[in-house]
Amino acid sequence: MTTLVELEGIEKTYGTGDAAVHALRGVTLRVEHGEFVAIMGSSGSGKSTLMNILGCLDRPTNGRYLLDGREVSKLDKSELANVRNRVLGFVFQSFNLLSRTSALENVELPMLYADVPGRERHSRAREALERVGLGSRLDHHPNQLSGGQQQRVAIARALVTRPKVILADEPTGNLDSSTSVDVMALFQELGQGGITVVLVTHEPDIAEFASRVIVVRDGLVQSDVRQTPKRARPQPPS
Amino acid sequence: MSPLQTVRIASRALVRNKLRSFLTTLGVVIGVGAVIAMMAIGSGAKAQVEAAFAAMGTDLLVVLPGSTSAGGVHGGFGSMPTLTWDDLTAIQSDVSTVKNAAPALRSSLPVVSEDQNWTTSVTGTTPEYFDIRSWPASSGNVLTQQDVDSTNKVVVLGATVSEKLYGPNASPVGQTVRIGQNPFTVIGVVARKGQSPSGQDYDDTAFIPVTTFAQKIQGGLKKYLSGTVYVGAMPGQTTRAQQDITALLRERHHLAAADDDDFSIRNLSEIAGAQEEGTKTMTTLLASVAAVSLLVGGIGIMNIMLVSVTERTREIGVRMALGARPPDILAQFLAESLTLSLMGGVLGVAFGLGTSAWLASRFHWPVLVQPDVIAVAVAFSAFVGIAFGLYPAWKAAQLDPIEALRYE
């Protein structure tokens, strides 16, 4: 396995002087290709900040961040946007689909910013939706879909750019437990397809599906354990 | 992202809020419409003034004889004949900036046909007069030198007089009318000229040879020319001609340097210029008021765009997370405001044209829509869209994706 994400001494401080808040105090961390990592931590632990930095939505105050071999901690806004577009895929707790826009168009959205030609955009979006099991609901708007279906549209949207890493921020936070398991099954499938998944959660039973659990506390990595993931869906007989 | 995609996303966002988009556009529609209608009114008024002065004759000077001043009472110009026939000849032949000149002796007399009569201003003049005033015959002929030389009893009628005596569309050429005690043969009718800038009917007149006028109406040719002199200056030389004639007449009348002129020269181009300035000022005033409403429309766009950016903060966050660069977001919102204002511009052109047409038909106002005004109005509305859309779009582009995603 090769290293995909390499954080070295990442610090993030908000504010200055006495009012300064040290959200991250020196996180060093490596994620290999194809890993399924769950980041856990209580609120205020710094896990959201860590996620934002991993997602290139924010830049660290100090430290080095190599993503797929490229130093990204010093890039400007537009360059970060390009990295997010080409290397990363996002899945949010509240789905964040564009309302009054069809599933297909929602999935096409990131490709608009990658200048993918219209025909290819269409076929790739359709493919991604089929892959998450929504091939029959291409024209449905988010308000016509259940929460689980919306989250699968969001996963299709994250997948469609063929990212190296999918970052999921509490992806099951708004879903009931059986739908959550379905979504986790989908993530596990992606992992087997070679996509690295980094997941932030505060639910231990969700973290069980990951192959590695990192616990963050007070801006530092408290523990980092590799585990045998619990199967979200019975393995198809091989 | 391609410009086409940007425009598509923008127009979809606008279609989603149809009523809001329409109301926002309305400000620009009214602004652009008002600019076009006001400019049409202004240009129409200007064209009317120009037409009125063109009817008077271009490069036209009128020389009036001087005033009496007996015992400190000034009688006004024309109250004393100071111009002589020799003065006229001198103006005609000695001034290089003068193309031609014609006398105009006037008297208000009844013109009597077989069964009608009409009192009009009978003018005794020469053929040059029709040239100076650019006043051709619409039927028959104007006066000839032959008529003047032979003291012919012929008359050229103005359109109004012809109509009063013979009815509309009649051809009175060859008929006989009586002016004073003398019968005159109608040899022509001059083309309709309309009204003077002061509302006087140019066509309420009749022309006879100046020699005939002097003999039959004044009772003999006198030394002094008891009327005015119309001078046609060389093209564009009107002011020079005025100076030259002034110098010539002062010399001929032996006036000392301290003496006042005993004649006056009216330069109609100058009056026309002043009138045109007046309409230009009016047009500018109207257009600026209209432009203010366009400005208000622009502020409306800015207001709605700011609301829209706030409302869609989360959408902006999502787009940014998925890879939209700040310039992409800027372009998207600029495209929205530009689409709004351009749509307003196009609808405003229709509105302005409609208003102009309505004013023309309802109030018979002279309106003139100039194509370049339309182009300028549309361009200006586009400018308004960009100028007032820039700040909201910039605000959207500057949003922090993390904050934007968290926005409820």
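Annotations
- Dipole size of the protein assembly as shown about its Cα centre, with +1 on Lys/Arg Cβ and -1 on Asp/Glu Cβ: approximately 1880 debye, rounded to the nearest 20.
- Computed extension gain for A:S211 through A:D224, at 0.36 nm per residue and net of the alpha carbon distance, reaches 3.6 nm.
- Computed [θ] at 222 nm, deg cm²/dmol, chain B (DSSP H ≥ 4; -39,500 (n - 2.57); rounded to nearest 500): -18500 deg cm²/dmol
- Along the axis of the charge dipole computed for the protein assembly as shown (Cβ charges of +1 for Lys and Arg, -1 for Asp and Glu, origin at the Cα centre), the listed residues B:M38, A:N106, A:M40 are led at the positive end by A:M40.
- Oblate is the label for region B:176-251. Its Cα gyration tensor axes, ordered a ≥ b ≥ c, give a/c of at least 1.5 and b/c at or above a/b.
- Taking only alpha carbon atoms, chain A gives an Rg to Rh ratio of 0.97, where Rh is the Kirkwood radius.
- Estimated FRET transfer efficiency (B:Q243, B:Q146; beta-carbon r; R0 51 Å; 0.05): 0.90
- Size-normalised alpha-carbon gyration radius of the protein assembly as shown, reference 2.2 N^0.38 Å: 1.74
- The label point for B:A258 and the one for A:H140, both projected 7 Å from the Cα toward the Cβ, are 10.9 nm apart.
- Springs between Cα atoms under 10 Å define the GNM used for chain B, and in it the highest mean-square fluctuation of B:S288, B:S96, B:S150 occurs at B:S150.
- Three semi-axes describe the equivalent ellipsoid of region B:81-261; taken as square roots of 5 times the Cα gyration tensor eigenvalues and ordered largest first, they are 31, 18, 14 Å.
- Taking 0.36 nm per residue of sequence separation and removing the Cα-Cα distance, the A:H33/A:N82 pair yields an extension gain of 15.6 nm.
- Whether region A:90-143 is rounded, prolate or oblate, judged on the alpha carbon gyration tensor where a/c under 1.5 counts as rounded: oblate
- Ranked list, fewest to most other Cβ atoms within 10 Å of each Cβ, for A:T13, B:T355: A:T13, B:T355
- A simple spin-label model places the labels of A:S123 and B:L26 4.9 nm from each other, with each point 7 Å out along Cα-to-Cβ.
- Whole-Å distance, taken between Cα centres, linking region B:158-224 and region A:93-131: 86 Å
- Largest first, the extents of the alpha carbon coordinates of region A:8-83 on the three principal axes equal 40, 29, 19 Å.
- The charge dipole of region B:81-261, taken about its Cα centre with unit charges on the Cβ of Lys, Arg, Asp and Glu (plus for the first two, minus for the last two), comes to roughly 240 debye.
- Charge dipole of the protein assembly as shown about the Cα centre (unit charges at C-beta), most positive-ward option of A:L167, B:L340, A:G135: A:G135
- Placing +1 on the Cβ of every Lys and Arg and -1 on the Cβ of every Asp and Glu, with nothing else charged, gives chain A a dipole about its Cα centre of roughly 360 debye.
- Applying 1/(1 + (r/R0)^6) with r as the Cβ-Cβ distance of B:Q218 and B:F363 and R0 = 45 angstrom yields a FRET efficiency of 0.45.
- For region B:81-261, relative contact order (Cα pairs under 8 Å, six or more residues apart, normalised by length) works out to 31 percent.
- Secondary structure note: in chain A, about 55% of the DSSP beta bridges are antiparallel.
- Listed residue (B:W85, B:M305, B:Y129) projecting farthest to the positive dipole end of chain B, Cβ model: B:M305
- Calculated mean residue ellipticity at 222 nm for chain A: -9500 deg cm²/dmol, from DSSP H runs with n ≥ 4 weighted as -39500 (n - 2.57), summed, divided by the residue count and rounded to 500.
- Sorting B:W358, B:W135 by the number of Cβ atoms found within 10 Å of their own Cβ, with the fewest placed first, yields B:W358, B:W135.
- Pairs beyond 24 Å (Cα-Cα), from A:K47/A:K164; A:K164/B:K395; B:K99/B:K164; B:K153/B:K223: A:K164/B:K395; B:K99/B:K164
- By other beta-carbon atoms within 10 Å, ranking B:V112, B:V189 with the fewest at the front produces B:V112, B:V189.
- Placing R0 at 51 angstrom, the Cβ-Cβ distance between A:S178 and A:R64 gives a FRET efficiency of 0.75 after rounding to 0.05.
- Among B:M305, B:M39, B:M320: highest mean-square fluctuation, GNM of chain B, C-alpha pairs under 10 Å: B:M320
- Cross-link reach list, aspartates and glutamates versus B:K193, counting only Cα pairs under 15 Å and skipping chain neighbours closer than eight places: B:E50, B:D131, B:E163, B:D201, B:D203, B:D204
- Among B:V63, B:V190, B:V309, the largest mean-square fluctuation in a Gaussian network model of chain B, built with springs joining Cα atoms closer than 10 Å, belongs to B:V309.
- Segment B:A382-B:E276, length gained on full extension (0.36 nm per residue, minus Cα span): 35.1 nm
- Cα-projected label distance for B:N182 with B:A54, points at 7 Å along beta-carbon direction, nm: 3.7 nm
Bear in mind that the values in this text are calculations on the coordinates, not laboratory data. All values reported here derive from a predicted model rather than from experimental measurement. Positions of Cβ are backbone-derived with ideal geometry, glycine not excepted, and every protein chain shown enters the neighbour counts.
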